[in-house]
Amino acid sequence: MLKRLADLDAVPVQDTAMIKRVRQSKQHVVWRVSHPYVEGIALRLICWFPPGADRVVVTLFSGDKASMGDVFYDSVGIRADRLIDRWVDEAKEA
């Protein structure tokens with residue numbers, strides 16, 4: 001999944017089979033990266049691409065999304081937005 005991010009030429013602009021926008025995020029444009037289907041396993045990377053920067057910030061990692069189901073997506077947007085805001089504040093201080 002990290003290689004998939006590293007191989008991107010630009011910030012995603014539309015959903016693909018492996019990279020999709022997280023609609024639950026209200027403050028920032030956040031994307032989720034998934035892996036090819038493996039029964040019983042569901043890993044997700046939740047990422048944000050800072051505007052005007054050539055980097056990606058991985059905000060959340062789900063190690064067992066399969067057992068969490070929709071609970072993961074019900075809170076992912078809020079958690080990602082908070083972590084992004086923290087990252088932005090810390091980057092300003094550096």
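The values are calculated or read from the model by the stated rules, or taken from the named source; none is laboratory data. These numbers come from a predicted model, not from an experiment. Cβ coordinates were reconstructed from backbone atoms using ideal geometry, including for glycine residues, and neighbour counts include every protein chain displayed.
Laid out as a table, the results:
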| read-out | value |
| --- | --- |
| All positions within segment 62-78 that are surrounded by 14 or more Cβ atoms within 10 Å (Cβ to Cβ) and either at pLDDT 85 or above or in contact with a Lys or Arg (Cβ under 9 Å, 6 or more places away or on another chain) (or both) | S62, K65, F72, Y73, V76, G77 |
| Given (1) acidic (D, E); (2) modelled with pLDDT of 85 or more; (3) exposed (fewer than 15 other Cβ atoms within 10 Å of the Cβ), number of the condition D81 does not satisfy | (3) |
| Some residue of segment 31-52 being modelled with pLDDT under 85 and assigned to a helix (DSSP H, G or I) | no |
| Selected residue (criterion: farthest from the chain's Cα centre (by Cα)) from residues of segment 37-51 that are free of Cβ contacts under 8 Å to residues at least 12 places away in the same chain and over 19 Å from R86 (Cβ atoms) | E39 |
| H28 surrounded by 13 or more Cβ atoms within 10 Å (Cβ to Cβ) and at pLDDT 85 or above | yes |
